[in-house]
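For reference, the structure discussed in these notes is given below.
The values are calculated or read from the model by the stated rules, or taken from the named source; none is laboratory data. All values derive from a computational prediction rather than experimental measurement. Cβ atoms come from the backbone with ideal geometry, glycine included; neighbour counts cover every protein chain shown.
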Amino acid sequence: MRIDVVSIFPAYLAALELSLVGKAQASGLLDVHVHDLRTWTRDRHHTADDTPYGGGAGMVMKPEPWGEALDAITDLSGGEGAIAPGASDKSAPTLVVPTPSGELMSQGLAGELARKPWLIFACGRYEGIDQRVVDHARARMDVREVSIGDYVLNGGEVAALVIIEAVVRLLPGFLGNPESLTEESHGTDGLLEYPVYTKPPTWRGLDVPQELVSGHHAQIARWRRDQALRRTALRRPDLLQRLPDGALDERDRAVLEDFADE
Ligand code: JD8
């Protein structure tokens, strides 16, 4: 997968060199390119913003630098000014624009984006990017305006990092043990994760639950399921409503009823 990220604060994306995403780059699974939007500004002050039409507080990001940045990055001619080496049209890019007014990021969307060959992240600042940039891009490529949650950030960079990590870890060959993907929260069973423990068996007077040191696999599996059900009922009852029919067996429902009676 190729990922391009455009921002006026490219240093924010340095984290992509670290940890597993960094390893994915080293292994060739991932090809990340971070660009400074000001590269495509024309005035000596490298101005990327201007006052909003219709008035109001703050500034808006100018369309011209974004238009030229996306032209250069998506220019598959390999010619002058092209960023991406000449490539066939099969690797059409998907433009991902983090915005508080976007569709909500989810594990499902992460899976969808992980199947794309090329993602371009447009990280806005100020009050946002002139809307014509997205409207113009929609005529040329797949565009997803995405929010990572119902709280306000100062820009799109950290949201891009969140989305990239959620996507890249789903790439085939990325995680050493793809098995662990199935068990996690928001994974396949739609429940929150059960609590996890490791050595020592007692820490500051706190013991690891007996069920986990029993070595009794069926008992361990049952304990973990019960914990996941209780945690989900307590913290994310909305997830229980979204479970497909048949996702809960008789014992699961009994656990939830007991929990509700507590
Ligand atoms: C991109 C500019 C700041 C937003 C005025 C504060 C995502 N879940 C999310 N919350 N906030 C963002 C986000 C915020 C951004 C930009 C994403 C570009 N801002 C603006 C509108 C109100 N300031 C986000 N994904």
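What the table shows:
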| item | result |
| --- | --- |
| Only listed residue being surrounded by 11 or more Cβ atoms within 10 Å (Cβ to Cβ), in contact with an Asp or Glu (Cβ under 6 Å, 6 or more places away or on another chain) and at pLDDT below 95, chosen from A92, A82, A87 | A82 |
| Inter-residue pairs, beta-carbon under 6 Å, first under 21 Å from P65 (Cβ atoms) and in segment 131-158, second part of a helix (DSSP H, G or I) and of a type outside the set (D, E, K, R), 6+ apart | R132/P63; V133/P63; V133/W66; V143/V134; V143/A137; E157/Y12 |
| Members of segment 122-147 found to be within 10 Å of the ligand (Cβ to nearest atom), at negative phi and of a type outside the set (S, T, Y), listed by number | A122, C123, G124, R125, E127, I129, E145, V146 |
| Segment 138-161, subset closer than 19 Å to D4 by Cα and of a type in the set (G, A, S), residue farthest from the chain's Cα centre (by Cα) | G155 |
| Residue in segment 57-71 that is over 21 Å from P10 (Cα atoms), surrounded by fewer than 17 Cβ atoms within 10 Å (Cβ to Cβ), at pLDDT 95 or above and within 8 Å of the ligand (Cβ to nearest atom) present | yes |
| Test for V158: is it surrounded by fewer than 17 Cβ atoms within 10 Å (Cβ to Cβ), under 22 Å from D36 (Cα atoms), β-branched (V, I, T) and modelled with pLDDT of 95 or more | yes |
| Hey, L256 at pLDDT 95 or above and surrounded by 13 or more Cβ atoms within 10 Å (Cβ to Cβ) or not | yes |
